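Novice: The structure's right below; bear with me while I get my questions together.
What follows is calculated from the coordinates using simple rules that are stated; it is not laboratory data. These numbers were taken from a predicted model, which means no experiment stands behind them. All Cβ positions, even for glycine, are placed from backbone atoms using ideal geometry, and neighbour counts span all protein chains on display.
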Amino acid sequence: MVTAYLGLGANLGDRLSALCGARQALNELPGVTVVASSALYETVPVGGPLGQDTYLNTVLEVATDLPAKKLLAHCLAIEKLFGRERLVHHGPRTLDIDLLFFTDLVFEETELTLPHPRLHLRAFVLIPLHDLAPELFHPVQGKSVRQLCDELPRDQGIHRFSRTW
């Protein structure tokens, strides 16, 4: 079993239900166990069309014996199960699941880059990831999650969501 970290987000429909359902669906996959969940964070959209609703974001730590590409394929299937349509780049979505880290694997292909290529720039990923693994080392950036969080600009439009899950 290896450790992977998944970033989840939603800004269409019942965001909380989508994230809860995705966590349950991931935990029911053969070869995947959800080990921990960060707090929930409400965040402003980054990129994409103007006028989008705010996102609800979280990070999950999972233990898996699946290869990275297979785990990603399952994540994409779960997105579809929750109504994800890829109509507009960085557009609104019912569910988004990103593979952030897969152990310490550094990998780049068309359909998968590890670690996720923009996670070090995104408060909506780094802050929930910090909840779970502040000392996790980013092998490409050469810094811990804590250090990457410390480098974020102060006003990132992110705050802890009032409900727990």
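Novice: Based on other C-beta atoms within 10 Å, arrange 58, 103 from fewest to most. Mind showing how you got there, number by number?
Specialist: On the way: 58 27, 103 13.
Arranged by neighbour count, lowest to highest, 58, 103 become 103, 58.
Novice: Compute the distance in nm between two label points, each set 7 Å from the Cα along the Cα-to-Cβ direction, one at residue 164 and one at residue 137.
Specialist: Reported label-point gap for residue 164 and residue 137 is 3.3 nm.
Novice: Looking only at 93, 146, 118, which one moves most when the chain is put into a Gaussian network model with springs between Cα atoms under 10 Å?
Specialist: Judging by the Gaussian network model, the answer is 118.
Novice: Could you state the per residue volume, in Å³, of the convex hull enclosing the Cα atoms of the stretch 20-159? The partial results should precede the final answer.
Specialist: Values: hull volume 15.7 nm³, N = 140.
Enclosed volume per residue, from the Cα hull, is 112 Å³.
Novice: Continuing with the same structure: Distance from a point 7 Å along Cα→Cβ of residue 90 to each backbone N in the stretch 27-69: keep the residues under 17 Å and list them by number.
Specialist: Inside the label zone: 43-56.
Novice: Quick check on the stretch 63-135: take the gyration tensor over C-alpha atoms, sort the square-rooted eigenvalues as a ≥ b ≥ c, and tell me if it's rounded (a/c under 1.5), prolate or oblate.
Specialist: On the way: a/c = 1.60, a/b = 1.22, b/c = 1.31.
It comes out oblate by the Cα gyration axes.
Novice: Arrange the following residues from fewest to most other Cβ atoms within 10 Å of their Cβ: 124, 107, 161.
Specialist: Details: 124 24, 107 11, 161 19.
So the ranking, lowest neighbour count to highest, is 107, 161, 124.
Novice: Also: Taking neighbour counts of Cβ atoms within 10 Å as a proxy for exposure, in what order, fewest first, do 14, 96 appear? Please list the in-between numbers first.
Specialist: On the way: 14 13, 96 21.
Starting with the residue having the fewest Cβ neighbours, the order is 14, 96.
Novice: What's the magnitude of the charge dipole for the chain around its Cα centre, counting Lys and Arg as +1 and Asp and Glu as -1 at the beta-carbon? Answer in Debye, nearest 20. Display every interim value, and only then the final one.
Specialist: Numbers: 15 positive and 19 negative charges, 49 e Å.
For the chain, the charge dipole is close to 240 debye.
Novice: Expressed as a rounded percentage, what relative contact order does the stretch 20-87 have, with Cα pairs under 8 Å and six or more residues apart? Can you show the working numbers first?
Specialist: Working: 67 pairs, mean separation 23.2, N = 68.
Once divided by the residue count of the stretch 20-87, the mean separation gives 34 percent.
Novice: May I pose another question? Could you calculate the contour length gain from residue 150 to residue 33, that is, 0.36 nm times the residue separation minus the distance between their Cα atoms, to one decimal place in nm? Kindly include the intermediate steps, with their values, before the conclusion.
Specialist: Values: separation 117, 0.36 × 117 = 42.12 nm, distance 3.00 nm.
Roughly 39.1 nm would be gained on extension.
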